[in-house]
Amino acid sequence: MQGVAGRFVFPRPMTDRPGLEFSFSGLKTSALNTWQQCQGAGDDSEQTRCDIALAFQQAVVETLTIKCKRALKQTGLKSLVIAGGVSANKALRASLESMLGDLPGNVYYARPEFCTDNGAMIAFAGCQRLQAGQKEDLSISVQARWPMEQLPGL
């Protein structure tokens, strides 16, 4: 089943502000509220779920495309690399390719089979540390970003 475009429209968060920051928390709330309103009205059909999902995807894709275009313009860079699970999304790829038609440069992606959640990258980092004999007790501090060049064996 496919979503019907235009039935629902969600906000494009933070695209009206200068800068490159974005947050999808308000968008998620908007989608949840829409779903709950539909349920309350007795419409909890598969088609409604698909329509909400499509509208959510469209909002995310457009937001990311706007922010990527802005980043390229602000930095003057000519290359854009999209990685992680989101980079497998066909709608995002098409939108970014279209956006780059207006700008000089290229967009690069890994093959879809390599566009996975970062869990594999975290597991790889842990494996490298374990093989290097590095062990931690449960008091290890959380490090949200761990530069690959700091991993042993790389």
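Pairs meeting the criteria (first residue in the range 114-137 and over 19 Å from Ala83 (Cβ atoms), second residue exposed (fewer than 12 other Cβ atoms within 10 Å of the Cβ), beta carbons under 7 Å, at least 6 apart or on different chains) are Gln131/Gly153; Ala132/Gly153.
Ala110 meets each of the listed conditions (1) more than 16 Å from the chain's Cα centre (by Cα); (2) surrounded by 12 or more Cβ atoms within 10 Å (Cβ to Cβ) apart from (1). Whenever a residue of the range 1-25 is within 14 Å of Glu62 (Cα to Cα), its partners that are surrounded by 11 or more Cβ atoms within 10 Å (Cβ to Cβ) and of a type in the set (S, T, N, Q), lying with C-beta atoms within less than 7 angstrom and at least six residues away or across chains, give the pairs Phe10/Ser30; Pro11/Ser30; Arg12/Thr63; Pro13/Thr63; Thr15/Thr63; Phe22/Thr63. Taken as a whole, the range 40-61 holds at least one residue that is of a type in the set (Val, Ile, Thr) and either in contact with a strand residue (DSSP E or B) (Cβ under 7 Å, 6 or more places away or on another chain) or closer than 27 Å to Ile122 by Cβ (or both). Per this entry, Leu32 is not counted among residues that are closer than 15 Å to Met14 by Cα and either small (Gly, Ala, Ser) or at pLDDT 95 or above (or both).
Matching residues to (1) surrounded by 18 or more Cβ atoms within 10 Å (Cβ to Cβ); (2) more than 17 Å from Val86 (Cα to Cα); (3) of a type outside the set (S, T, N, Q); (4) assigned by TED's automatic domain parsing to the domain that holds Gly84:
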{"site": "Gly3", "(1), (2), (3), (4)": "yes, yes, yes, no"}
{"site": "Arg7", "(1), (2), (3), (4)": "no, yes, yes, no"}
{"site": "Pro11", "(1), (2), (3), (4)": "no, yes, yes, no"}
{"site": "Ser30", "(1), (2), (3), (4)": "yes, yes, no, yes"}
{"site": "Asp43", "(1), (2), (3), (4)": "no, yes, yes, yes"}
{"site": "Thr48", "(1), (2), (3), (4)": "yes, yes, no, yes"}
{"site": "Thr63", "(1), (2), (3), (4)": "yes, no, no, yes"}
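The values are calculated or read from the model by the stated rules, or taken from the named source; none is laboratory data. Please read these numbers as outputs of a predicted model, since none were measured by experiment. Reconstructed Cβ throughout: ideal geometry from the backbone, glycine too, with neighbour counts over all protein chains shown.
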